[in-house]
Amino acid sequence: MRQPELLTGTLRENVDPFSQWDDATLNDALTAAGLYSLEHNKGPESRLTLDSIISSGGANVSVGQRQIIALARAILRQSKLLILDEGVHA
């Protein structure tokens with residue numbers, strides 16, 4: 001499985017590296033991708049904001065958060081997406 005690539009910088013810079021979008025649009029893309037739903041059960045101190053610092057390779061965020069950030073980036077670009085998920089075998 002290939003992991004999404006993240007750069008050292010803010011969440012904003014990782015979602016919108018060319019500064020093309022306003023905050024509302026970036027937050028809409030992150031919400032549509034599910035980032036804030038994922039963080040709903042955590043305390044406010046662990047919630048990511050557009051100014052949250054992302055360390056090299058995204059080492060300070062979970063794999064799920066990295067995937068959602070990459071999905072938000074694709075949503076902003078209006079890329080065609082095909083999302084496949086592995087089935088769980090019981």
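Remark on ASN60: its backbone amide H falls under 5 Å from those of SER55, a criterion applied only to residues 5 or more positions apart or on other chains, H modelled at 1.01 Å from N. Potential lengthening of the chain between ALA59 and ALA24 amounts to 10.0 nm, from the contour at 0.36 nm per residue minus the alpha-carbon distance.
For GLY9, the residues 5 or more places off, or on other chains, whose built amide H falls under 5 Å of its own are ILE54.
Readers should treat all values here as calculations from the given coordinates under stated rules, not as data from a laboratory. All values derive from a computational prediction rather than experimental measurement.
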